[in-house]
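The values are calculated or read from the model by the stated rules, or taken from the named source; none is laboratory data. Only a predicted model underlies this, so the values are computations on that prediction, with no experimental measurement involved. Every residue, glycine as well, gets a Cβ built from its backbone with ideal geometry; the counts of neighbours run over all protein chains shown. The area values use the complete protein model at the heavy-atom level, side chains included, leaving out ligands, DNA and RNA. Shrake-Rupley method; radii C 1.70, N 1.55, O 1.52, S 1.80 Å.
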Protein chains: 2
Amino acid sequence: MIIESIQSPADVKRLTLEEMQELAVEMRTLLIEKVSRHGGHCGPNLGMVEATIAMHYVFDSPKDKIVFDISHQSYPHKMLTGRAEAFLKAAHYDDVSGYSEPTESEHDHFVIGHTSTSVSLAGGLAKGRDLRGEAGNVIAVIGDGSLSGGEALEGLDWAAELGTNFIIVVNDNQMSIAENHGGLYQNLAALRRSNGTCSNNLFCAMGLDYLYVDKGNQLEALIAAFKKVKDIDHPIVVHINTLKGKGYEKAETDKERFHWSAPFNIATGELLHPVTVETYDELTASHLLDVMKKDKTVCAITAGTPGIWNWTPERRQAAGKQFVDVGIAEEHAVALASGIAKAGGKPVFGVCSSFIQRAYDQLSQDLCINDNPATILVLWGSLTTMTDVTHLCHFDIPLLANIPNLVYLAPTNREEYLVMLDWSLAYKEHPVAIRVPVGATVPATRPVQTDYSELNRYEVVERGKDVTILGLGNFFALGEQVHRLLQAQGIQATLVNPRYISGIDTELLDNLAADHRLVVTLEDGALEGGFGEKIARHYGPTAVKTHCYGARKTFVDRYSPQDFLAANRLVDTMIAEDVVRLLG
Amino acid sequence: MIIESIQSPADVKRLTLEEMQELAVEMRTLLIEKVSRHGGHCGPNLGMVEATIAMHYVFDSPKDKIVFDISHQSYPHKMLTGRAEAFLKAAHYDDVSGYSEPTESEHDHFVIGHTSTSVSLAGGLAKGRDLRGEAGNVIAVIGDGSLSGGEALEGLDWAAELGTNFIIVVNDNQMSIAENHGGLYQNLAALRRSNGTCSNNLFCAMGLDYLYVDKGNQLEALIAAFKKVKDIDHPIVVHINTLKGKGYEKAETDKERFHWSAPFNIATGELLHPVTVETYDELTASHLLDVMKKDKTVCAITAGTPGIWNWTPERRQAAGKQFVDVGIAEEHAVALASGIAKAGGKPVFGVCSSFIQRAYDQLSQDLCINDNPATILVLWGSLTTMTDVTHLCHFDIPLLANIPNLVYLAPTNREEYLVMLDWSLAYKEHPVAIRVPVGATVPATRPVQTDYSELNRYEVVERGKDVTILGLGNFFALGEQVHRLLQAQGIQATLVNPRYISGIDTELLDNLAADHRLVVTLEDGALEGGFGEKIARHYGPTAVKTHCYGARKTFVDRYSPQDFLAANRLVDTMIAEDVVRLLG
């Protein structure tokens, strides 16, 4: 295979057009094979094979620097920059991450996994080059789906004033993760229809030069275009029209399903290990759709990620105008929710823990200062869900729980979650965020309170003495385990379900101080700035000792959740051991 | 005066054109008078007098809902909606806030003080209206300067798909706070030159309908335009060309100086109480300009607010390409800084505490995961700087100090600050943020360390026993006071300058535990998620008691800093009293 001879981009430059075409076929085969066996981003990579070959044929990486937005289309680049082995041999699949990674290669310049950042980051490389008086091309590659994000639009607007070399390749595959939403996509469509010549042009309106390549999966056209812009003395957008999923028929047909996939059967497209249990994501979408049918003012909002909470195309259609996909635009989503709530509607913004980070100021200013009663569902918040460093779901508690006015709830089971969700829709005093439990649903084993209006009242599940265990949300189950282990050693601990992440039940805590010497907090997230520290501060001036369990401050990457939990002593036996020691 | 007869917008509708013209003159006179005596936003309000009269003449507020971006142009609206008294009589000046405020009037729908939010918030009102099957116009008013913000661009892109009534008034006064930056401003200029007819149109490229009003300070033209779009059945942009500062010659001439002003002499334009001491803002700009002359890779970055750190037009010119104003675009600014640092440049992003909130995800993902050595200067971070609820500078510590890899420093005096700033420019291991002290510079009274590479080493300024005072940054001086008060009572406290907000000096803290029973933390910011809680958590499992001082969790508005500090027991005598009590 030709791919086996490619050690670096220099080897690409030596190929004939025919060899490059053959290389493209090989790369697609390997991509489909790896993703089908390992899981990963499928459609975006398949669409970018020719463009990546062409870029490396024309430009001189790493002197010329290519920055891939969100990295969903960066696998072909990895294949051509000394990392083909990780696609050729199953045993080496995990040698590379699914994202740009400077520690893997000098051809990668940033770790990137959130959208809409490439223009700004690459813009920084260009500006840095100019400050240092250096030369070279800087190329940002950004998908059409990422263009709706504020950071990308800020970056494009800024780029126009740079005045020196900067090439922005817009990979237009006519899809975000799901279908695109937003007016700018009408403009991209008009540009495609007119071969880049229609009178309104978003990029030109932002002050940028522009070049259109209709055949974005044809090497000759791409090479010609990149040659034309190489060493250009000002910023330019190269808009290439590509086919998402190209070369794998099922991915070409069902683009949303094959944007990313867990391992699947190539022939049938079916998942090798389909989810057979009810998950909280599934429960959320199915429950909300029921609620919507009865209440036409309920409106679910997603920022380009309907799939992460199981809003399938069928459900979206059934919800009609009560489901809003704003595109990749978390800031807008939060402000929109605030406005809908102010107008008397009932918005529910569902968003992954890692992505709610993109809207802190909107949570604080647009939502919480205004105290509008929107519901935010924080999905996958946990130390054990996403293990890529760019997708960590560790930080939502420090981020949300310290914002005044926001009620942040942590349900511990299926029924408690549904009751909290329904309550949040009726509640009018404050915005409510709910940290949706992760994984398969767990049924309640005790009665569930229906009204949470009296804020910051913790639930005492077992009243003991000496030591209290505050088991927050996902880690209530861990608390139960610790409670059981201590019981076996003759220690009758008090077990509490705090329910409220964002506030302290001072009355309960002060009462417990009477016959408890130690309070242990368990939270499924980062320790710093989190829930446990509030408890530690509260008890600080007293004789009650505290010990907070959670993740120490670190950006961890591609870790084993089990090992990570153990390294943080987030294991029932370790915690029980610590408690016994601390009780002396 | 006509203005005295205006109790609500209904009274505007009864006026003749001539009376409205007279009203505009009266309003300008009152605006100039109030702002010159009280301080406030000058230029943006003067430019919007006619447009505001015209909107209230044509639309039916509050059934029709008008949302003002950032509220810098909302004073005329306040005058016409029952709040004229607050502009007529000096004794009533403080009856209204400087921002939209629903508690003041049913004609205000949100508290708004950060930029670029109006399209999204008003979009939510429109969507809520539709969900509830209601009627009425929704109008977002946004200035050209706010358009560069990602949230605004996300909102515009989304609006195109709403499909129902939504009017976006773009108040184009050809200025941000300072001059505009970004490619889209070339397009606005082209639209103005062509009377709205040029071939590339940013708004149309985003899928929106469009109407241009060249005479944006002429009532007839504005009334005609608003009548044309009233009750429109789809979203439209009404682009009005206005004159910033209109009616006050000095504001028309020096638009940046009179965007906002402290009290000034109307005849001369000079400040009534000019700053005569050296402030940290002044020190920063003057020092950086010196550094830039010697090192051409140093680059100062602002997101549309050069004035807040005294980057005057003269200094900007002197810095040339080493000063970058990205426009209102904090997200881009942080990512740009990361890219510049990656390329070997030395970026310094100076940003107000309240506005760094707008870039959390960029700090985390673009900067800190990549661990690029950019410098972030957080300005005005304190409980005592900005007292409007939308501009609180209380939350930067919880926001920044919990991000892995970021070194967040808190200098306590002039020399320490400069040394830390210079050190950060040379340091290559991690990004560094510095919480710039506030107010007038204070000289060092003790030697200052020059190297901060050994992270999280606190400075013991006085070694005592029993009680330790950790006086962070601005509150080190408070710690000194408390130390003095305790000394007078025979208590020899240990006084520590922590220097590092983002990490704990575990070795020192553990050593202090030997002969200290109490550790007190003082931080000039919000308590929750902050510095003190880290200390409380560290000592939680030990016998050492802790007491954290800072601001309790709340959104406080237009408060007296002195009263607020006292309400939080942030007063030397109160703290000393508590310490004596806690030591028992």
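Evaluate the charge dipole of segment A:1-158 about its Cα centre and quote only its size in Debye, nearest 20, assuming +1 on the Cβ of each Lys and Arg and -1 on the Cβ of each Asp and Glu.
120 debye
Taking the Cβ-Cβ separation of B:Ala440 and B:Glu314 as r and a Förster radius of 25 Å, what is the calculated FRET efficiency to the nearest 0.05?
0.65
Put a point 7 Å out from Cα along the line to Cβ at A:Asn265; what are the distances to that point in the other copies, in nm, shortest first?
Nearest first, the other copies' label points are 8.8 nm away.
Taking a label point 7 Å out from Cα toward Cβ, give me the nm distances from A:Thr387 to the same spot in the other copies, shortest first, one decimal.
5.3
Could you run the Karplus curve 6.51 cos²θ - 1.76 cosθ + 1.60 with θ = phi - 60° over segment A:166-177 and give me ³J(HN,Hα) per residue in whole Hz, x for Gly and Pro?
In residue order, the calculated couplings are 6, 10, 10, 8, 8, 8, 8, 9, 6, 8, 8, 4 Hz.
I'd like the mean, over residues of A:206-216, of how many other protein chain beta carbons sit within 10 Å of each residue's own Cβ.
2
Please report the orientation-averaged projected area of segment A:498-584, defined via the convex hull of its C-alpha atoms, in nm².
For segment A:498-584, averaging the hull's shadow over all directions gives 6.3 nm².
Label position 7 Å from Cα toward Cβ: report the copy-to-copy distances for A:Ala513 in nm, one decimal, ordered from shortest.
The answer, with the shortest distance listed first, is 2.1 nm.
Out of all Cα-Cα pairs in segment A:130-255, roughly what percent, to the nearest whole number, are more than 19 Å apart?
49 percent
For the protein assembly as shown, what proportion of DSSP beta bridges, expressed in % and rounded to the nearest 5, is antiparallel?
Around 15 percent of the beta bridges assigned by DSSP in the protein assembly as shown are antiparallel ones.
Show me the helices of chain A, taken as full DSSP H stretches, that run 24 Å or more along their long axis by Cα and average -0.5 or above in Kyte-Doolittle hydropathy.
What comes out of the filter, once short or polar helices are dropped, is A:17-38.
Which links in A:Lys342/B:Lys127; A:Lys227/A:Lys255; B:Lys293/B:Lys321; B:Lys63/B:Lys215; A:Lys78/A:Lys244 stretch past 22 Å when you go from one Cα to the other?
Pairs exceeding 22 Å: A:Lys227/A:Lys255; B:Lys63/B:Lys215.
Once the piece of chain linking B:Glu22 and B:Ala10 is laid out straight, how much longer is it, given 0.36 nm per residue of separation minus the C-alpha distance between them?
2.6 nm is the gain from fully extending B:Glu22 to B:Ala10.
Would you list B:Trp380, B:Trp423 from the most to the least accessible area, probe 1.4 Å?
B:Trp380, B:Trp423
Which whole number gives the average count of other chain Cβ atoms within 10 Å of the Cβ atoms across peptide B:367-373?
Across B:367-373, the average partner-chain Cβ count within 10 Å equals 4.
Using modelled backbone amide H atoms (1.01 Å from N, in-plane), which distant-in-sequence or interchain residues come within less than 5 Å of B:Cys352's amide H?
Those lying under 5 Å, H to H, from B:Cys352 are B:Leu379.
In whole angstrom, note down how far apart the Cα centers of segment B:109-146 and segment B:414-493 are.
45 Å
For chain A, give the magnitude of the charge dipole about the Cα centre (Cβ charges: +1 Lys/Arg, -1 Asp/Glu; no others), in debye to the nearest 20.
That gives a dipole near 420 debye.
Can you tell me the mean projection area, over all orientations, of the convex hull of the protein assembly as shown's alpha carbons? Units nm², please.
42.9 nm²
Using modelled amide H (1.01 Å from N, peptide plane; none on Pro or chain starts), what sits under 5 Å from the amide H of B:Ile434, excluding residues fewer than 5 places away?
The answer is B:Ile376, B:Leu377, B:Val378, B:Leu409.
Over chain A, with a single point scatterer placed on each C-alpha, what log10 of the ratio I(q)/I(0) does the Debye formula yield at q = 0.11 1/Å?
Cα-only, vacuum Debye calculation for chain A: -1.04.
As a test of reading the structure, rank B:Lys534, A:Lys215, B:Lys250, B:Lys294 by solvent-accessible area (1.4 Å probe, protein chains only), most first.
I get B:Lys294, A:Lys215, B:Lys250, B:Lys534, largest accessible area first.
How much length is gained if the chain between A:Thr103 and A:Ala567 is pulled fully straight, taking 0.36 nm per residue apart and subtracting their Cα-Cα distance, in nm to one decimal?
Computed gain between A:Thr103 and A:Ala567 is 164.7 nm.
Summarise the partner chain shielding of B:194-204 as one whole number: the mean count of Cβ atoms from other chains within 10 Å of each residue's Cβ.
If you average over the peptide's residues, the count of other-chain Cβ atoms is 4.
Of the heavy-atom accessible surface of the protein assembly as shown (probe 1.4 angstrom), what whole percent is carbon and sulfur?
51 percent
Excluding ligands and nucleic acids, what accessible area in Å² is computed for B:Lys428 using a 1.4 Å probe, to the nearest 10?
My reading of the accessible area for B:Lys428 is about 100 Å².
Of the DSSP beta bridges with both residues in chain A, give the percent that are antiparallel, rounding to the nearest 5.
Within chain A, antiparallel bridges account for around 15 percent of the total.
As an exercise, use a Förster radius of 56 Å and the Cβ-Cβ distance of A:Asp231 and A:Ser560 to find the FRET efficiency, rounded to the nearest 0.05.
FRET efficiency, A:Asp231 to A:Ser560: 0.75.
So what is the relative contact order of chain B, in percent, for Cα pairs below 8 Å that sit 6 or more residues apart?
With pairs under 8 Å counted, the relative contact order is 10 percent.
As a test of the formula, what do you get for the protein assembly as shown when each DSSP H run with n ≥ 4 contributes -39,500 (n - 2.57) and the sum is divided by the residue count, at 222 nm and rounded to the nearest 500 deg cm²/dmol?
Here the helix-only value at 222 nm equals -10500 deg cm²/dmol.
Sorting check: for B:260-269, A:116-125, which peptide has the highest mean count of neighbouring beta carbons within 10 Å, and how do the rest follow?
Put in order of decreasing packing, that is A:116-125, B:260-269.
Let me check something: with ligands and nucleic acids excluded, how do A:Arg484, B:Arg558 order by accessible area (1.4 Å probe), largest to smallest?
If we order A:Arg484, B:Arg558 from most to least accessible, we get A:Arg484, B:Arg558.
Taking amide H positions as placed 1.01 Å from N in the peptide plane, with prolines and chain starts having none, which residues 5 or more places from A:Thr521, or on another chain, fall under 5 Å of its amide H?
Here A:Leu470, A:His547, A:Cys548, A:Tyr549 satisfy the definition.
Looking for one value pair here: nearest-to-axis residue in chain B (by Cβ) for the rotation onto A, and the distance in whole angstrom.
In chain B, the Cβ lying nearest the symmetry axis toward A is B:Gly150, 1.
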